[in-house]
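One structure is given here, and the rest of the page talks about it.
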Amino acid sequence: MSPTPKKILFVTHMFHPDQVATSNLFTKLFERITEVHRYGITVWCAQPFYTTLQRQPYYRRYKQIDVYCLPSTNFGKERLIGRLVNMLTYTQSVFFRLLFLKRKRYDLIFVHTAPPLLAILVIMLAKVKKIRIVYVLMDIFPDGLFRLNKVSERNLLIRFWKRWHRKAIKSSERVVVIGRDMLQWVKSEIPSIDDVRLKHIPLWQDEKALNPIAFTDNPFVNKYGLHESFVVQFSGNMGLWNDLETVGKAVRVGMDGVKFVFIGDGIRKRELVAAMGQQGVERTLFLNFLSNEEYALSVTACHCGLVTLRPEAVGMGVPSKIFGIMAAGVPVLAIAPMNSEIAMIVSESECGLVSEPGDVQGLIKNILYLKGNDAIRKQMAINARRSFEEKYTTEKGATNYLNLFDEIL
């Protein structure tokens, strides 16, 4: 008789059927992990609110995963207050469910940094119940907000939050960071943390869903009439960490034969549009978030893919869009500090070009260089896919996490 699989509880506000980066990442990861039948996976998620508002049943079996959509609101993502209420109601549901959870129900709890206060709450309750925790740092709060001057370090609530976040890190069985720059931040915050507890596991992308497609054969190119242009594309959330002002200023300058395509939305979109001006907007294609199927075509419908990171965000997060670009076999055009994980990936993989945030002329120079050098651009595309297959597939991510779970359990 085979042994009973160990049980892992994954607490996340986003999971399938929401089709946004965090949801896609972890849905694919745990699908792949369950295929080896070593661990039983249960998910506690919120009602979807990002790419669909269709309410889900309280319990459903997705693939081999037990998914519980805990009671929560699902106001649309358009209004900040609605998103905050969604997170608050979900956090409340997690708190009460975890409070009354029987200690031996799960062998391990897996949680990440969104929404920020949720992980602290989960880790503290898990410590009381003596359940082991794996804590994945996807975005660092509140430190990222300090750096962006969104909040003051003197704020009593923020100081309290930061103190308890340190405690949460110290209380976790394993702390996973998604970038080497983030690893250095954790070591600077908590010098006592050892290399056994602190792990660098990069993000991943579904190698089965994304594959290189010739630009001229791409239905997305046909649909939007992009054949005659050199296409520079940004796809995904336009979030706090992104430097989109530099991109907007490059659009405003204008480059013959270059077409910018922006897919997605977010808090930085207003900054982008303001920087490019009305004429820049008229020369640009804007599209909303796409389904996973449409995204798989869109990400290959360009000659280079944009990834941006503000200087203040070094060590605070790693935009997952870079791995989709690499999976598509497309050169990466990065706007990021040279000490960031993004710049390190591009440099060691030889899969694109990097310019510093704020360097508009450097960005323009890199775009025109790629436009004028087909052979180099095609080699970068090959390098991007090769490096992706070696390090950043969902299969690789699943192997990394299976090894981590095996260490603990």
Quiz prompt | Residue list for region 251-270, filter: more than 18 Å from the chain's Cα centre (by Cα) and in a loop (DSSP other than H, G, I, E, B) | solution = 254, 255, 256, 257
Self-check item: Residues satisfying the stated conditions in region 153-163, i.e. free of Cβ contacts under 8 Å to residues at least 12 places away in the same chain and under 26 Å from residue 318 (Cβ atoms)
Solution: 153, 163
Quiz item: Are any of the residues in region 161-173 over 21 Å from the mean Cα position of the chain (by Cα), of a type in the set (Asp, Glu) and crowded, with 17+ Cβ neighbours inside 10 Å?
Solution: yes
Quiz item: What residue, of 148, 137, is aliphatic (A, V, I, L, M), at pLDDT below 90, in contact with a helix residue (DSSP H, G or I) (Cβ under 7 Å, 6 or more places away or on another chain) and on the phi < 0 side of the Ramachandran plot?
Solution: 148
Self-check item: Selection status of residue 364, assigned to a helix (DSSP H, G or I) and touching a residue at least 12 places away in the same chain (Cβ under 8 Å)
Solution: yes
Quiz item: Does residue 233 satisfy being over 25 Å from residue 150 (Cβ atoms), assigned to a strand (DSSP E or B) and not aromatic (Phe, Trp, Tyr)?
Solution: yes
Practice problem: Go through the residues of region 221-233 one by one and say whether even a single one is in the same structural domain as residue 266 (by TED's automatic domain parsing) and under 22 Å from the mean Cα position of the chain (by Cα). | Solution: yes
Quiz item: Which one is nearest to residue 227 (Cα to Cα) among residues in region 253-264 that are surrounded by 17 or more Cβ atoms within 10 Å (Cβ to Cβ) and free of Cβ contacts under 8 Å to residues at least 40 places away in the same chain?
Solution: 259
Practice problem: Please state which one of 34, 73 is farther than 30 Å from residue 406 by Cα and hydroxyl-bearing (Ser, Thr, Tyr). | Solution: 73
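Among the candidates 400, 383, 373, which residue alone is free of Cβ contacts under 8 Å to residues at least 60 places away in the same chain and buried (at least 16 other Cβ atoms within 10 Å of the Cβ)?
383
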Practice problem: Please find, within region 45-59, the residue that is surrounded by the fewest Cβ atoms within 10 Å (Cβ to Cβ) out of those that are in contact (Cβ under 8 Å) with a residue 24 or more places away in the chain and aromatic (Phe, Trp, Tyr). | Solution: 50
Quiz item: If residue 65 passes every condition in (1) on the phi > 0 side of the Ramachandran plot; (2) touching a Phe, Trp or Tyr at 6+ places or on another chain (Cβ under 8 Å); (3) not charged (D, E, K, R) but one, which one does it miss?
Solution: (1)
Self-check item: Pick from region 316-372, criterion at pLDDT 95 or above and hydroxyl-bearing (Ser, Thr, Tyr), ranking: nearest to residue 162 (Cα to Cα)
Solution: 340
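The values are calculated or read from the model by the stated rules, or taken from the named source; none is laboratory data. All values derive from a computational prediction rather than experimental measurement. Because the Cβ atoms are built from the backbone with ideal geometry, glycine has one as well, and the counts that use them run over all protein chains shown.
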